[in-house]
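Visitor: Dropping the structure in here first, questions after.
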Amino acid sequence: MVPRYSRPAMAAIWAPENRYRIWFEIEALAAEGMARVGAIPAEAARTIRERGAAKVARITAEDLERIDAIERETRHDVIAFLTWLAEAIGPDSRFVHQGMTSSDVLDTCLSVQLTQATDLLAADLDAVLAALKTRAFEHKHTLTVGRSHGIHAEPTT
């Protein structure tokens, strides 16, 4: 997003911090699902959730630079994120992303971001419609120039 053309709420949806929080949520939910079916230890899923959530809740500029540095080395965005996340999770990080592909994370994240953006736009449209309704009732009896075939006609309300 070009900042000068975007409102802060919309820009925040597409910011790296939000993307990484969504990526983590996808990974944590997958780990919890894997734990439910016995594919990974339940304790590992709890560790992933707790330590990962603490890490992504306070992503700093230094964290973003660290992820970017890892990506420059690995040439892979998801691997860079998972490597950064593993630094906070520790040994149980070996269960993160198990059975998943990068597309699982990227496509799901895009769907979440599109939903967030659509929710924001829909709320804005509701506000516009409410304002239009208010103005329409306010000017219900205001005289205005009528138009017929593109020229002035009899006054109307």
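Visitor: Taking the options 136, 45, name whichever one is surrounded by 15 or more Cβ atoms within 10 Å (Cβ to Cβ), more than 21 Å from the chain's Cα centre (by Cα) and either modelled with pLDDT under 95 or of a type outside the set (S, T, N, Q) (or both).
Guide: Just a single option satisfies the conditions, and that option is 45.
Visitor: Could you identify the single residue in 92, 68 that is in a helix (DSSP H, G or I) and free of Cβ contacts under 8 Å to residues at least 24 places away in the same chain?
Guide: Only one candidate qualifies: 68.
Visitor: Same structure, new question: Residues in the range 1-40 that are assigned to a helix (DSSP H, G or I), in contact with a Gly (Cβ under 8 Å, 6 or more places away or on another chain) and of a type outside the set (Asp, Glu): how many?
Guide: Counting residues in the range 1-40 that are assigned to a helix (DSSP H, G or I), in contact with a Gly (Cβ under 8 Å, 6 or more places away or on another chain) and of a type outside the set (Asp, Glu) gives 4.
Visitor: While we're on this one: Is there a residue in the range 19-35 that is at pLDDT 95 or above, more than 22 Å from residue 113 (Cβ to Cβ) and not basic (Lys, Arg)?
Guide: yes
Visitor: Now for a separate question. Would you be able to say whether some residue in the range 106-128 is of a type outside the set (S, T, N, Q), under 30 Å from residue 10 (Cβ atoms) and over 23 Å from the mean Cα position of the chain (by Cα)?
Guide: Yes, because at least one residue in the range 106-128 is of a type outside the set (S, T, N, Q), under 30 Å from residue 10 (Cβ atoms) and over 23 Å from the mean Cα position of the chain (by Cα).
Visitor: Next question, about the same structure. Which condition breaks for residue 32 when tested against (1) over 16 Å from the mean Cα position of the chain (by Cα); (2) surrounded by fewer than 15 Cβ atoms within 10 Å (Cβ to Cβ)?
Guide: It is condition (2) that residue 32 fails.
Visitor: Now, a different point. In this structure, is residue 123 hydrophobic (A, V, I, L, M, F, W, C) and within 30 Å of residue 67 (Cβ to Cβ)?
Guide: No.
The values are calculated or read from the model by the stated rules, or taken from the named source; none is laboratory data. Computed from a predicted structure; not experimentally measured. Every residue, glycine among them, receives a Cβ derived from its backbone with ideal geometry; neighbour counts consider all protein chains shown.
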